[in-house]
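The values are calculated or read from the model by the stated rules, or taken from the named source; none is laboratory data. For clarity, every value in this text was computed on a predicted model and none was experimentally measured. Counting neighbours? That spans all protein chains shown, and the Cβs are built from the backbone with ideal geometry, glycine included.
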């Protein structure tokens, strides 16, 4: 009996291992907030190392496989364009390689694409206003991409009238007849004849007088009926600059005198929000964030004003973004 007791005692360690497995080590992963970097803008990548779901960045080593060196910390800031591969290592485990690419994107020597704003003072009660709209369309065909139209509906009998915004703009530009149009917020450009030639004359005059214009970059986020629009501008001349965001509406059907009962109205001005003027030097950037309400038919127009006049303008769809645009890219 004692013999079997000792045999059983000897077998216990072996029996305790039956059916047991070592748990596999959690997967080691290396991730980065950016994997495509613009060297010119000084962008950099920040790495995070995960063991399973646990952040182990503080304990792991991050090695630049391309040059064989470990990073000091978890940030990679390339000095030149190129492609690099990185891995993370911890306790003998190693992550899959992660590639980071750096490129050079420079606007040096390139002019930003210039556009002009045209305010079309109109109304559903105005028999001749559709003629100004037609003249504006002709001008836009003659200068592709150069004109951003905005329809300012006037007088309270118009269902698209915005009080007090419409009245303020009418007063600002001394509008006394309809239709009327103003180019780049220049009071001297006010015209009351539905003539594409007159519009183009003011457009070309002001573009030539303006010279190179500021660059504009914008990104909009829409959640429900609320929007957040982030705007960045880059000055090419010293001046006092103001950023502004206009909310427009398209596709509203309303009877139009001189038109049809089911006339479709586009480019309808719904709101106009301006930031504070600020002095900006040549080559410097300025930014601003705008918030407000929108509908399913809304979109944005972003203005850069210099000393009170339009320096540049760009359209931006709701929930979309607009990057820097250059003259040579739009030839």
Inset, instruction - Look at residue 37 and say whether it is surrounded by 12 or more Cβ atoms within 10 Å (Cβ to Cβ), at pLDDT 90 or above and within 39 Å of the chain's Cα centre (by Cα). - result: no
Legend entry - For residue 140: the one exception among (1) over 24 Å from the mean Cα position of the chain (by Cα); (2) in a helix (DSSP H, G or I); (3) free of Cβ contacts under 8 Å to residues at least 24 places away in the same chain: (1)
Inset, instruction - Kindly indicate which of 150, 175, 182 is touching a helix residue (DSSP H, G or I) at 6+ places or on another chain (Cβ under 8 Å), touching a residue at least 60 places away in the same chain (Cβ under 8 Å) and under 22 Å from residue 128 (Cβ atoms). - result: 182
Legend entry - Subset of region 64-81 [within 31 Å of the chain's Cα centre (by Cα), modelled with pLDDT of 90 or more and loosely packed, with under 14 Cβ neighbours inside 10 Å]: 75, 77
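Yes/no matrix, rows are residues, columns are (1) at pLDDT 95 or above; (2) in a loop (DSSP other than H, G, I, E, B); (3) within 21 Å of residue 206 (Cα to Cα):
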position: 135; (1), (2), (3): yes, no, yes
position: 155; (1), (2), (3): yes, yes, no
position: 162; (1), (2), (3): yes, yes, no
position: 168; (1), (2), (3): yes, no, no
position: 171; (1), (2), (3): yes, no, no
position: 175; (1), (2), (3): yes, yes, yes
position: 181; (1), (2), (3): yes, no, yes
position: 185; (1), (2), (3): yes, yes, yes
Legend entry - Pick from region 188-201, criterion in contact with a helix residue (DSSP H, G or I) (Cβ under 8 Å, 6 or more places away or on another chain) and within 15 Å of residue 152 (Cβ to Cβ), ranking: surrounded by the fewest Cβ atoms within 10 Å (Cβ to Cβ): 191
Inset, instruction - Being surrounded by fewer than 16 Cβ atoms within 10 Å (Cβ to Cβ) and free of Cβ contacts under 8 Å to residues at least 40 places away in the same chain is the filter; apply it to region 264-315 and report the residue that is nearest to residue 234 (Cα to Cα). - result: 278
Inset, instruction - Please verify whether region 107-125 includes one or more residues that are out of contact with any strand residue (DSSP E or B) (no Cβ under 8 Å at 6 or more places or on another chain), assigned by TED's automatic domain parsing to the domain that holds residue 173, within 30 Å of residue 267 (Cβ to Cβ) and part of a helix (DSSP H, G or I). - result: no
Inset, instruction - Assess whether residue 254 counts as being closer than 28 Å to residue 153 by Cβ and surrounded by fewer than 13 Cβ atoms within 10 Å (Cβ to Cβ). - result: no
